[in-house]
Amino acid sequence: MNNSSKIGCGTILFLALAWAFVQFVSDFQDVRQKRSQPATPPKATETPSLTPEQQEARREQEALALGLRWQYRESPDEMGRGTIKQAIVCSLNEVQFDFPYLGAQRAMLHLRIHPKYGKDVILTIKKGQFLCGLRGCQVAVRFDNGKAQNFTAVGPADHNTTSIFIRGYDRFLAGARKAKKVYIEAQFYQQGSQVFEFDISGLKW
C-alpha cells in the first residue's frame with residue numbers, strides 16, 4: 001500500500017509539472033506571436049467631405065495667405081499730399097538663384113498710384129540683381145496667350161537692384177484688366193533670363 005501511495009503521488013506531481021510546463025510554453029508562444037505582429041495604427045479622424053463651394057473657398061483663402069491674389073493697401077502720404085494706393089500680387093512660380101542668393105523666392109508685382117510720383121508698375125524680388133540701371137532696359141510682357149510685348153523699365157533712384165519700374169502704366173493696366181494671367185521676363189545678373197507668372201484675374205483697379 002505504501003508503495004502504491006508513493007507511486008500515485010509521484011505520478012500526480014509529474015503530471016502537474018508537465019501540465020504547468022506545457023501551459024508556460026503555450027503562453028510564451030502567444031506573447032512572441034503578439035510581439036511579432038505589427039501594431040495596429042490608430043484610426044485617423046475622418047474629416048467631413050467639403051462641398052465644391054467650400055473647397056473653392058479654402059483654395060481662395062490659401063491663395064490669399066500666400067499673396068497669390070490681389071491685395072490692396074492705402075496709406076496717407078506723410079507730407080499730406082493725398083493717399084498712396086497699391087495693388088500687390090505674388091508670382092505663382094518660384095525661382096531658385098545660385099550663390100549668394102540661395103533659396104526659393106517669388107517675385108511681387110505692384111501697381112501704385114502715388115500723389116508725388118504718379119502711377120507705376122513695379123516688379124520686385126527679395127534677393128538678386130536685375131540687370132537694369134537708370135539708363136533703362138527691356139522686359140517682355142505677355143497677357144494670357146497673346147503676343148509678347150516689349151516694355152521699357154528702369155531701376156530705382158536709390159540704385160536698389162531688387163526692383164525695377166516698368167514704363168507704360170496705362171498700356172500695362174489696359175492689358176491687365178482684360179487678362180487672367182501675365183508673364184514678365186527680365187534679365188538678372190549671373191542668373192540669366194527669368195519668367196514670372198502672375199494671376200491677375202479680378203483686378204479691382
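Each value in this text was obtained by applying a stated rule to the coordinates, not by laboratory testing. Predicted model, so just to flag it, every value in this text is computed and none were measured. In this analysis, Cβ positions are derived from the backbone assuming ideal geometry, glycine residues included, and neighbour counts consider all displayed protein chains.
Per-structure values
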item: Karplus-derived HN-Hα couplings along segment 183-199 (A = 6.51, B = -1.76, C = 1.60, θ = phi - 60°), whole Hz, x at Gly and Pro; result: 10, 10, 10, 9, 9, 10, 5, 6, 10, x, 8, 10, 10, 10, 10, 10, 8
item: Inter-label distance, nm, simple model (7 Å from Cα along the C-beta direction), Glu197/Tyr72; result: 2.7 nm
item: For segment 63-205, size of Cβ-based charge dipole, Lys and Arg +1, Asp and Glu -1, in debye; result: 440 debye
item: Relative contact order [Cα under 8 Å, 6+ residues apart], segment 56-199, whole percent; result: 20 percent
item: Above-threshold pairs, the threshold being 20 Å between Cα atoms, out of Lys127/Lys178; Lys147/Lys204; Lys116/Lys181; Lys85/Lys181; Lys85/Lys116; result: Lys127/Lys178; Lys147/Lys204; Lys116/Lys181; Lys85/Lys181
item: Segment 56-199 shape via C-alpha gyration tensor axes, a/c threshold 1.5; result: rounded
